[in-house]
1. Are any of the residues in the stretch 121-133 among the β-branched types (Val, Ile, Thr), under 22 Å from Leu32 (Cβ atoms) and part of a helix (DSSP H, G or I)?
2. Could you identify the single residue in Gln101, Gln136 that is open to solvent by 60 Å² or more (accessible area, probe 1.4 Å), modelled with pLDDT under 90 and out of contact with any Leu (no Cβ under 8 Å at 6 or more places or on another chain)?
3. With Phe85, Phe96 as the choices, which residue is without any contact (Cβ under 8 Å) to a residue 40 or more places away in the chain and surrounded by 14 or more Cβ atoms within 10 Å (Cβ to Cβ)?
4. Could you check the stretch 27-60 and list, in sequence order, the residues that are assigned to a helix (DSSP H, G or I), of a type outside the set (Val, Ile, Thr) and open to solvent by less than 60 Å² (accessible area, probe 1.4 Å)?
Amino acid sequence: RFYANYTVADGRSPRAEYWWVALFEAVIGAVLLTVVYMAEGGPEFLQSIWDAFSGDTDNLDGMSGLGVSGIMALTILTFFGLVNFLPGIMLKIRRFHDLDQSGWLVLVFWIVGIFPVIGTVASLGNIIWYAIPGTQGSNKYGPDPYGYDNDVFG
């Protein structure tokens, strides 16, 4: 359903749909980063990336020594991230809809996540929100994805 609803922001997504996609993306990312690490020059490359994010731009020599398998794994990882970017946003919007909340919260959490300390708190908040069971029965965003209907007489 993740790729079938590539651009669909309407409706609701249950917890299982969100967490199975998160697990799939984490496994693929871990495998590809392991390939990068095991490639020729991989540890130096990843250390250079870490140093660049830490603000230390004096030692970026490892950026150019990555082997062919590492470059291929990074290319696949980048392509995988780009392909999953839009459906991931749509899934998060539908997940918030399942909680009877506006999909605009995805943007709010993304903007707040830019700031270092507040971003950590926002990430934890996101995890908690995505772990909460959705609204049982219909809500303003659509019917319950599990089929429960509280409005039996309506």
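The values are calculated or read from the model by the stated rules, or taken from the named source; none is laboratory data. Values in this document were obtained by computation on a predicted structure and should not be read as measured data. Here the Cβ is made from the backbone with ideal geometry for all residues, glycine too, and neighbour counts use every protein chain on show. When the accessible area is computed, the model is the full protein with side chains, heavy atoms only, and any ligands, DNA or RNA have been set aside. Shrake-Rupley method; radii C 1.70, N 1.55, O 1.52, S 1.80 Å.
1. No, every residue in the stretch 121-133 fails to be among the β-branched types (Val, Ile, Thr), under 22 Å from Leu32 (Cβ atoms) and part of a helix (DSSP H, G or I).
2. Gln136
3. Phe96
4. Scanning the stretch 27-60 gives Gly29, Ala30, Leu32, Gly42, Pro43, Phe45, Leu46, Ser48, Asp51, Ala52.
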